[in-house]
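Notes to accompany the following structure.
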Amino acid sequence: RRVLFRSAPATVNVDAAIARALATRSYVQLAKNSLERTDIVLRYYHSQVLPELNAQVAYQSNGVGGTLLSPLTSLPLGGTTTRSVLAERGLGSVVGDIFSNKYPTWTVGLSLSYPIGTSTQDAAYARARLQRDQADVQLQNLQLQVGTQVRDAARQVVTNQKRVDSARAARDLAEQRLAA
């Protein structure tokens with residue numbers, strides 16, 4: 001009498017197989033990456049809809065050069081104006097003024113912009129939200145497809161195992177009939 005190899009019944013952990021399939025399938029990973037990119041775009045367009053506040057601060061050091069004339073204190077009636085030259089200032093004096101901060105200038109400003117009514121930013125934000133929802137639905141569909149494929153494969157494994165067992169039982173019965 002011959003001894004045949006008998007295998008243990010196959011058990012399939014469907015939940016672990018689904019988790020592994022979702023983690024390793026490239027098209028599922030691509031869908032997740034697409035969803036993350038869509039989230040970034042959605043945050044960008046959301047920030048475009050919000051009011052914008054800008055602050056500017058500027059400091060400037062100036063220098064005065066050239067011919068300095070006496071100030072004009074009054075306008076003559078019908079006559080010509082004469083002004084006297086106070087000083088001639090060259091490049092060295094101008095550079096000295098700049099580095100010694102003799103004529104500083106400060107500028108401070110705030111600007112607030114607020115979108116009024118519907119705008120292109122609102123439309124772009126709505127489009128990005130729609131794309132995000134579509135990407136989410138696509139990912140869920142992919143996950144459902146993967147789960148279905150894995151469950152079908154697990155059922156086929158169990159079914160094939162039962163076929164092998166029934167073929168073994170039929171062979172054993174045939175051997176017993178032959179021996180009888």
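Length available on full extension from Asp122 to Ala19: 0.36 nm per residue minus the Cα-Cα distance, which gives 33.2 nm. Where in region 32-48 does the amide nitrogen come within less than 12 Å of the point 7 Å from the Cα of Leu139, taken along Cα to Cβ? Only 32-40 fall inside the zone, counting backbone N under 12 Å. Its residues counted as N, the chain yields a C-alpha radius of gyration over 2.2 N^0.38 Å of 2.70. Selection among Ser119, Thr38, Val64 by position relative to the dipole of the chain gives Thr38 as farthest towards the positive end (Cβ unit charges, Cα centre). A simple spin-label model places pseudo-atoms 7 Å from Cα toward Cβ; at Gln56 and Gln156 they are separated by 6.8 nm.
Mind ordering 141-149, 52-60 by average Cβ neighbours within 10 Å, highest first?
Working: 141-149: 14.3, 52-60: 9.6.
Order by mean packing, descending: 141-149, 52-60.
Think of each Lys and Arg Cβ as +1 and each Asp and Glu Cβ as -1; about the Cα centre, that makes the dipole of the chain roughly 1520 debye. The magnitude of the dipole of region 18-58, with charges of +1 and -1 set on the Cβ of Lys/Arg and Asp/Glu and taken from the Cα centre, is near 340 debye. Placing a label point 7 Å from the Cα of Gln29 along the Cα-to-Cβ direction, no residue of region 128-171 has a backbone N closer than 16 Å.
Give me the dipole magnitude in Debye, nearest 20, for region 116-180 about the Cα centre, with unit charges on the beta carbon: positive for Lys and Arg, negative for Asp and Glu.
Details: 10 positive and 7 negative charges, 51 e Å.
Computed charge dipole of region 116-180: roughly 240 debye.
Were the residues from Thr11 through Tyr103 laid out at 0.36 nm apart, the gain over their Cα-Cα distance would be 24.4 nm.
Modelled spin labels at Gln149 and Ser113, positioned 7 Å past Cα toward Cβ, are 4.8 nm from each other. Secondary-structure-derived ellipticity at 222 nm for the chain, considering helices only, amounts to -20500 deg cm²/dmol, per-run term -39500 (n - 2.57) for DSSP H runs with n ≥ 4.
Any read-out appearing in this document is the output of simple, stated calculations on the displayed coordinates, not a laboratory observation. What you see is a predicted model, and the numbers here were worked out from it, not measured in a lab. Glycine also receives a Cβ, built like all others from the backbone with ideal geometry; neighbour counts cover every protein chain displayed.
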